[in-house]
Structures are given as C-alpha cells and as structure tokens.
Amino acid sequence: MTTTPVDQNTLRRRGTGLRAHDPARSYGGHTLYTPIAGDGEVYLIDSDGEIAHEWKLAHPPGRHAHLLPDGTLFYQGKQTDTEPLFPIWDVYHGGILQLVAPDGSVLREARHPYHHHDASLLANGNLIILAVEPVPPAFAARIPGGIPGSEAPDGRIWGDVVYEMTWSGEIVWRWASFEHLTPEETPLNRHFAREHWPMANTVNELRDGSVMVGFRSASTAVVIDRATSRVTWRLGPDVLAQQHYPHELDGGTVLVFDNGSYRDDTSVPYSRVIEIDRATREIVWSYEDNPPQNFYSPYMSSAQRLPNGNTFVAEGSFGRLFEVTPDGDVVWEYVVPQFGAFANGTGMESSRGAQNAVFRAYRYGPEHTSWLASARKR
C-alpha cells in the first residue's frame, strides 16, 4: 500500500490558489500582494488566479508594496544589516523605500533607519513615513497598560513619529505621538509589550491634506492637521480593536480592517471590516462572517472599497484574499500559495514556521494595468 506523506502545514493542506469566483458579480481586475516571509517577491495576479506579472526585488519586504497608475511599484523593503531596537523590531521594521519599474529596475530610493510598517506618497511627491524615536523618560513613566516589565532592553519605550520626507532624505515635517497625544487617554492594551507606544501601522494622506494614522496597540485612529499638528479626529477602543489600514473613502467615510483579538464585549475573537461616518463616529456598513469566528486575522490585514461597490479584503495572517458584495456575499477568493519562513522565528511566536501571510493586498482596475501588455513583450 502506497502512502502519501501528510503536509504538516495546516493552511497549505486546506488548499491554496483560486478558491471561488463569481465573474458576474466580481469587480475583476488584478490583485497585488507581497508575501511577508518572502525574499522580495511581489505578485500581480489576474481574476483567474494566474500570475500576470512578478517583481523579484533585492530586499525582503518591510511589510508591503502598492502599484501606481503608470505601473511603477512603490515598495517598502527591509534593511537587514541593522541591530534590532527590541525583539519584535525585526518583524516590522523597513528602512528602504523604492519606486520600481515593471522590469525590476529601481527608479528612486530613500532610506530611514527607524522606518516601520507603512509609508506612502503625498500629493506633493514627498514621502510620508512611520518611524520611532525614544520617548522622554518622564513621559514614558506615565504610559499606562502593556505587559509589566516589557520595555525595550535598555528600559526605553520607543514612540511613534510621522515624517514627511523628501526622496533625498530631508525631513520637512515631523509629528511625534509623545508631543501630541495624552498617554492616559491612549493606553496600551494590556496584551502588548511596552517597548513601542502606541505602535502605529498605518499612515496615509486624506483629500484635504490631513494625515490619518492608526495605532494598533492602543486601538486608536487619528487624523492630524499638517498645518497645526493638531489631532482633529479620533476613534478609539470603544469601536476599534487592534485595527489596520484606516483610510478615507471617496464619500468621506473611513474604511477599517478591525482585527478584533481583544475586543472587550465578547469572549470570541473575530475580525470585521467596518465603514465609519467621521461626523457621527457610527458604523454605516460592516462585514462579518457567519459565524463570525470563521473570519479572523489577529494581525496585519486590509480592506479596500472597489469602484463597483464591492469590498476587497486581505485576511493577512492567513494569506486569504477575497471580495465581498455590499450584502456580504463572497464573489472571489484566493489563498496565497507562496509560503516562507523567517530566520529563527524572528521576534515573536507568530513568526515561527512556514506561512503565507501578507500585510496588505490591493485590487486594481485597467487604469493601473495598461502597461501589462508592453511588459509581457519584453
């Protein structure tokens, strides 16, 4: 009797690649994703799950990449020749920001040693990036919450800062969490280490030039006026739970992937996607699975509103990418088939073993992919 060895990776054993497709109700287009445990590969797949284009870059991902309309890739790579500020720093720091042509050639590059998680291009062409600076000791002593004794090895707490930076590396605007947030009103969730406060994972520009920042460990999202550095809008843990990728939609509402690991009003962890009215702070649309625990990513992840009204979701921890209608019907689903492993289980237990995780993924229509035909001819 011939036996076939059982694949011991649970996710891979359940099946990868295209899992569902309803062409009549799906937006279609192409999907971009970056395997977080990869060596620098970025994939653009079509609606049938076939690879339409691939970049193989020189640096492992410092989280993710996204596509510009002309086919240029904005890639956040990881510097691997620096000492970690604290153990988990190796998981989410970046340091390398690049514009990359479809053929893989680097068109522009900037670096910052303390960049982490996220960065994007501003309307003026500059970069907006997340970074960290040491929190002043007197302020650090006031920060409530977190796991006792879990500060960085030197007893320090690192605080989030936002930089507007030119491609030549000049900082032209700076906003520091410890200069504009009150620690008592922005406590760390008790499950998170105190080495990094309030742990930002998202930064992007709104249509009026303000900046939105999301803080995972404090379950808080804010809007910052760049002219005054004032926080003009805030949403906290009464609504959010370790969220990722809050961003503005065309109508002015905010779309958020709400991870939900430590939601106070339930014993069952589950994720949801929520759309929030900024004026009232009320949820005007949401997606949950049924039962809710069938959809859950404890960290990373994103959601994107598509032109046809559907929502594209990256259940990042498990490499599951899917599209839902406004009524919550799944009309496309794909499971990332590329698995990789971090060296030595970098930083924390969730980094051990082979995984197909992605920090974010994006869906693009033809206005972003008209370059594909010429790229294939090369």
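The values are calculated or read from the model by the stated rules, or taken from the named source; none is laboratory data. Since the model is a prediction, treat every value here as computed from it, not as a measurement. Heads up, the Cβs are rebuilt from the backbone with ideal geometry, glycines too, and the neighbour counts pull from every protein chain shown. Heads up: the accessible areas ignore ligands, DNA and RNA and are worked out on the full protein's heavy atoms, side chains in. Shrake-Rupley method; radii C 1.70, N 1.55, O 1.52, S 1.80 Å.
So, R0 is 41 Å and r is the distance between the beta-carbons of residue 285 and residue 141; what FRET efficiency does that work out to, to 0.05?
After rounding, the FRET efficiency stands at 0.50.
Ranking 138, 55, 128 by how far each Cα lies toward the positive end of the dipole of the chain (charges on Cβ) leaves 55 at the top. Taking every DSSP beta bridge with both residues inside the range 1-79, roughly what % is antiparallel (nearest 5)? In the range 1-79, DSSP labels about 100 percent of beta bridges as antiparallel. Here the calculated FRET efficiency for residue 168 and residue 80, from their Cβ-Cβ distance with R0 = 22 Å, stands at 0.40, rounded to the nearest 0.05. For the range 174-224, applying the loop criterion from DSSP together with a ceiling of 14 other beta carbons within 10 Å to the trypsin sites (Lys or Arg not before Pro) yields 190, 207.
Within the listed set 130, 181, 99, the residue fluctuating most in the Gaussian network model of the chain (springs between alpha-carbon atoms under 10 angstrom) is 181.
Take the Cβ-Cβ distance between residue 185 and residue 278 as r, set R0 to 22 Å, and report the resulting FRET efficiency rounded to the nearest 0.05. Efficiency for this residue pair is about 0.70.
Which order do the peptides 10-18, 357-365 take when ranked by the mean count of other beta-carbon atoms within 10 Å per residue, highest first? Don't jump to the answer; show the numbers that get you there.
Working: 10-18: 13.9, 357-365: 24.0.
The peptides rank, most packed first, as 357-365, 10-18.
Contact order for the range 49-182, expressed relative to its length and based on alpha carbon pairs under 8 Å spaced 6+ residues apart, stands at 17 percent. Relative to the 2.2 N^0.38 Å rule of thumb, the range 1-147 has a C-alpha radius of gyration ratio of 1.34.
Top mean-square fluctuation among 189, 124, 310, Gaussian network model of the chain, C-alpha springs under 10 Å? Maximum among the listed residues: 124. In the complete set of protein chains, residue-level accessible area for residue 265 is approximately 130 Å², probe 1.4 angstrom.
For the range 120-215, GluC sites (Glu not before Pro) meeting the loop criterion (DSSP other than H, G, I, E, B) and having at most 11 other Cβ atoms within 10 Å: 170.
Which of these values of percent of Cα pairs over 39 Å apart was calculated from the structure shown: [x] 19; [y] 22; [z] 11? The calculated read-out lines up with [z].
In the elastic network of the chain, a GNM with C-alpha springs shorter than 10 Å, the most mobile of 37, 314, 140 is 140.
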